[in-house]
Amino acid sequence: QVQLVESGGGLVQAGGSLRLSCAASGRAFSTDAMGWFRRAPGKGRQLVAVIDWTGGLTYYADSVKGRFTISRDSAKNALYLQMNSLKPEDTAVYYCAARRDGNRPISYDYHYWGQGTQVTVSS
């Protein structure tokens, strides 16, 4: 059974940092693109950061560029999101996702999704 399990969310003050982790299991993800998405209250799902299968191509939403860093450890089937200088508008449920086309990470058409982890940033 394919599973993506996020961890590392929580409550933090504005300006603080969090590191999200995603543990993938049930199949090999080393050739998949992977990404982080979020859904804020009353809003649709937003692409936050994605990475191709090599780790050499990353893409960030303008709203997080320069503050967030996505990385992966394919040997561990793991994905990370380092979030610095957090703002109240970053408050959302963050989802880890994997896409079988490892060369094209910039998409909403991901095949596997985690259950999400809540990030709340207080002002």
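The values are calculated or read from the model by the stated rules, or taken from the named source; none is laboratory data. Because the structure is predicted, anything quoted here is derived from the model rather than measured. Cβ sites come from the backbone with ideal geometry, for glycine too, and all protein chains shown count toward neighbours. Calculation scope for accessible area: heavy atoms of the full protein, side chains included, ligands and nucleic acids excluded. Shrake-Rupley method; radii C 1.70, N 1.55, O 1.52, S 1.80 Å.
Descriptive notes on the structure:
- Within straight-line cross-link reach of LYS43, lysines at Cα separation under 21 Å, skipping those fewer than 8 residues along the same chain: LYS65, LYS87
- Contact order normalised by residue count of the stretch 82-123, Cα under 8 Å, 6+ apart, percent: 53
- Normalised by the number of residues in the chain, the average gap of Cα pairs under 8 Å and 6 or more apart makes the relative contact order 36 percent.
- Taking label positions 7 Å along the Cα-Cβ direction at both ASN103 and SER123, the computed distance is 4.6 nm, reported to one decimal.
- Paramagnetic label reach from ARG27 (point 7 Å along Cα→Cβ; backbone nitrogen cut-off under 17 Å): within the stretch 83-114, residues 96-105, 108-114.
- Computed Kirkwood radius, in angstrom, where 1/r is averaged over Cα pairs of the stretch 1-98: 13.6
- Using a probe of 1.4 angstrom and keeping all protein chains present, the accessible surface of the chain works out to 50 square angstrom per residue.
- Mean Cβ count within 10 Å, highest first, over the residues of peptides 16-24, 28-36: 28-36, 16-24
- Electrostatic bookkeeping for TYR112 treats Lys and Arg as +1 and Asp and Glu as -1; over the other residues with beta carbon under 13 Å from its beta carbon, the sum is -1.
- Rounded to 5, the percent of DSSP beta bridges in the stretch 1-53 classed as antiparallel: 100
- FRET efficiency for GLN3 and GLN82, using Cβ-Cβ distance with R0 set to 22 Å, rounded to 0.05: 0.45
- Apportionment of accessible area to carbon and sulfur, the chain, percent (1.4 Å): 47
- In loop segments of the stretch 39-96 as defined by DSSP, the trypsin sites (Lys or Arg not before Pro) with at most 14 further C-beta atoms inside 10 Å of their C-beta are LYS43, LYS65.
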